[in-house]
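Presented below is the structure to which this report refers.
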Amino acid sequence: MMTKLTSDVLIQGYLSYLILEKGLSRNTLLAYQRDLKYLVFWLVQPEAFLKSESSKNAACDQDVLLELDVEQLLAFREACFAINLDKRSVARIISALKGFYYWLMDEELIKQNPVSLLPKIRTDRKLPAVLSEEQVESLLDQPDRSDPIQARDGCMLELLYATGLRVSELVGLTAGQISMQQGVVRVTGKGQKERMIPLGEAAQDELCYYLKNIRPALPGFKESETALFPSRKGGAMTRQAFWYRIHKYALEAGLPETLSPHQLRHAFATHLLNHGADLRSLQLLLGHSSVTTTQIYTHVANQRLKELYQEHHPRA
């Protein structure tokens with residue numbers, strides 16, 4: 001018996017495709033699922049969509065996705081703005097819908113992608129907040145290396161700044177991904193793409209000391225432990241736990257309490273550009289699939305040059 005193509009069945013089929021073909025992370029898949037269910041909820045209960053935030057992921061056994069047209073999409077987009085979603089959030093939702101409808105075309109369930117007919121939303125590109133080199137140094141100096149837990153944290157911060165890893169990549173590292181002999185860390189990033197990132201001298205020194213003296217002394221450490229940076233109970237640390245740790249050191253360094261691990265990735269990229277790195281090399285180090293994503297850091301570097309000019313030029 002043929003499965004009824006309800007909206008839930010179609011969405012699950014698309015998510016399965018993203019797992020098998022694209023290798024997307026769990027968090028990305030959840031975001032796609034949420035965005036698609038926003039549309040379904042609006043199509044089924046448009047008035048409730050405008051009033052309630054909590055029910056937007058309700059299950060739907062109806063088929064409301066295959067007959068969607070541009071007029072409905074325009075109305076849905078306006079409804080998203082009506083519930084106070086900003087331009088970037090709405091643009092992200094529309095992007096998720098576009099990929100979904102291209103998949104429906106590939107599956108020969110529709111003949112045309114209605115989302116491709118929508119006029120684009122113009123969004124102001126938000127530049128990432130970047131720490132100065134002095135601020136990074138201050139942050140890295142905060143952990144007390146005589147304490148095993150803080151020494152672990154210090155090594156994580158040093159490695160994060162030295163490599164530009166995503167925080168999920170950092171906390172997921174195993175000891176086997178580090179080659180001290182070659183001076184590199186091997187990382188599997190988004191889309192299951194592997195990249196090799198060189199380690200600077202400071203990071204190698206910190207890692208060498210950590211592996212020899214600190215890691216075996218961590219609470220709950222066992223010889224069978226595979227996580228490079230285990231938590232107090234063993235096993236890999238969560239992203240949320242590391243965010244809490246970096247928040248602690250940021251406050252001690254007098255940095256904004258909103259500081260996130262991702263800002264060290266931004267600092268890594270921007271400081272490399274400031275010191276002469278080329279965009280293509282930076283793209284490979286960051287694991288960006290497109291150089292367009294990496295180009296935002298050139299805007300950050302240019303903005304810093306303007307600020308320096310205004311601050312120091314006698315006729316600025």
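The values are calculated or read from the model by the stated rules, or taken from the named source; none is laboratory data. None of the values given here were measured: they were computed from a predicted structure. Note that each Cβ is placed from the backbone with ideal geometry, even for glycine, and that neighbours are counted across all protein chains shown. These area figures cover heavy atoms from the full protein model, side chains too; ligands, DNA and RNA do not enter into them. Shrake-Rupley method; radii C 1.70, N 1.55, O 1.52, S 1.80 Å.
Separation between the Ser224 and Leu279 pseudo-spin-labels, each 7 Å from Cα along Cα→Cβ, expressed in nm?
5.0 nm
Just how large is the dipole of segment 145-245 about the Cα centre, in debye to the nearest 20, putting +1 at every Lys and Arg Cβ and -1 at every Asp and Glu Cβ?
Numbers: 14 positive and 10 negative charges, 78 e Å.
The dipole magnitude comes to about 380 debye.
Among residues other than Leu118 whose Cβ falls under 10 Å from its Cβ, what is the net charge (Lys/Arg +1, Asp/Glu -1)? Each step should come with its number before you reach the end.
On the way: positive: Arg77, Lys98, Lys120; negative: none.
In short, +3.
So if I take the centroid of the Cα atoms in segment 235-250 and the same for segment 170-223, what is the distance between those two points in Å?
17 Å
What is the spin-label model distance, in nm, from Glu107 to Lys120 if the labels are put 7 Å beyond Cα along the C-beta direction?
For the pair Glu107/Lys120, the computed spacing is 2.8 nm.
Calculate for the chain the 222 nm mean residue ellipticity that helices alone would give, adding -39,500 (n - 2.57) per DSSP H run of length 4 or more and normalising by residue count, nearest 500 deg cm²/dmol.
Working: 14 runs with 163 residues, N = 316.
Estimated from H runs of four or more residues: -16000 deg cm²/dmol.
Roughly to the nearest percent, how much of the accessible area of segment 1-53 is carbon and sulfur, given a 1.4 Å probe? Could you put the intermediate results ahead of the total?
Numbers: 1790 of 3180 Å².
Answer for segment 1-53 is 56 percent, counting heavy atoms of protein chains only.
Using amide H atoms built 1.01 Å from N in the peptide plane, name the residues 5+ places from Thr174, or on other chains, whose amide H lies under 5 Å from its own.
Hits under the 5 Å cutoff: Leu228.
For the chain, calculate the relative contact order in percent as a whole number, restricting contacts to Cα pairs under 8 Å that are 6 or more residues apart. Before the final figure, lay out the partial values.
Working: 340 pairs, mean separation 48.6, N = 316.
Relative contact order of the chain: 15 percent.
Which residue, Gly13, Leu259, Ala31, has the largest displacement toward the positive end of the dipole of the chain when charges sit on each Cβ (Lys, Arg +1; Asp, Glu -1)?
Gly13
Note down the magnitude of the dipole of the chain about its Cα centre, charges +1 on Lys and Arg C-beta and -1 on Asp and Glu C-beta and zero elsewhere, to the nearest 20 debye.
Working: 37 positive and 36 negative charges, 29 e Å.
Dipole magnitude for the chain comes out near 140 debye.
Identify, among Gln150, Ile94, Asn213, the residue whose Cα sits farthest towards the positive end of the charge dipole of the chain, taking +1 on the Cβ of Lys and Arg and -1 on the Cβ of Asp and Glu, with the dipole about the Cα centre.
The listed residue farthest towards the positive side: Ile94.
Between the DSSP loop rule and a limit of at most 15 other Cβ atoms within 10 Å, which trypsin sites (Lys or Arg not before Pro) in segment 185-266 are left? Don't skip to the end; give the middle numbers.
On the way: sites: Arg186, Lys190, Lys193, Arg195, Lys212, Lys222, Arg232, Lys233, Arg239, Arg245, Lys248, Arg265; in loops: Lys193, Lys222, Arg232, Lys233.
Sparse-neighbourhood loop trypsin sites (Lys or Arg not before Pro): Lys193, Lys222, Arg232, Lys233.
Quote the accessible area belonging to Ser224 in square angstrom, nearest 10, computed with a 1.4 Å probe and with ligands, DNA and RNA left uncounted.
That residue has around 100 Å² of solvent-accessible surface.
Count charges around Ser16 for me, please; just the other residues with Cβ under 15 Å from its Cβ, Lys/Arg as +1, Asp/Glu as -1. Spell out each step's value before the answer.
Values: positive: Lys22, Arg26; negative: Asp8, Glu21, Asp106, Glu107.
With Lys, Arg at +1 and Asp, Glu at -1, the neighbours total -2.
Rounded to whole Hz and in sequence order, give me ³J(HN,Hα) for segment 88-100 from the Karplus expression 6.51 cos²θ - 1.76 cosθ + 1.60, θ = phi - 60°, writing x for Gly and Pro.
Each residue's phi maps through the Karplus curve to give 5, 5, 5, 4, 5, 4, 5, 5, 5, 5, 4, x, 4 Hz.
Calculate what fraction, in whole %, of the accessible area of segment 222-278 sits on carbon and sulfur atoms when a 1.4 Å probe is rolled over the protein chains.
Working: 1640 of 3020 Å².
Within segment 222-278, the accessible surface is 54 percent carbon and sulfur.
Could you give the accessible area per residue of the chain, probe 1.4 Å, as a whole number in Å²? Intermediate results must be reported in sequence, preceding the final value.
Working: 17760 Å² over 316 residues.
The answer is 56 Å² per residue.
Calculated FRET efficiency, Asn213 and Asp141, Cβ-Cβ r, R0 25 Å, to nearest 0.05?
Working: r = 19 Å, r/R0 = 0.76.
That pair, Asn213 with Asp141, gives E of 0.85.
Test of understanding: what is the full-extension gain from Ser95 to His247, defined as 0.36 nm times their sequence separation minus their Cα-Cα distance? Don't skip to the end; give the middle numbers.
On the way: separation 152, 0.36 × 152 = 54.72 nm, distance 3.23 nm.
Gain on extension, Ser95 to His247, equals 51.5 nm.
Whole-Å semi-axes of segment 80-126's equivalent ellipsoid, largest first, each the root of 5 times a Cα gyration tensor eigenvalue?
On the way: eigenvalues 119, 21, 16 Å².
Result for segment 80-126: semi-axes of 24, 10, 9 Å.
What is the local net charge at Gln150, summed over the other residues whose Cβ is closer than 14 Å to its Cβ (Lys, Arg +1; Asp, Glu -1)? Don't skip to the end; give the middle numbers.
Values: positive: Arg145, Arg152, Arg215, Arg232, Arg245, Lys248; negative: Asp141, Asp144, Asp147, Asp153, Glu158, Glu206, Glu252.
So the environment of Gln150 carries a net charge of -1.
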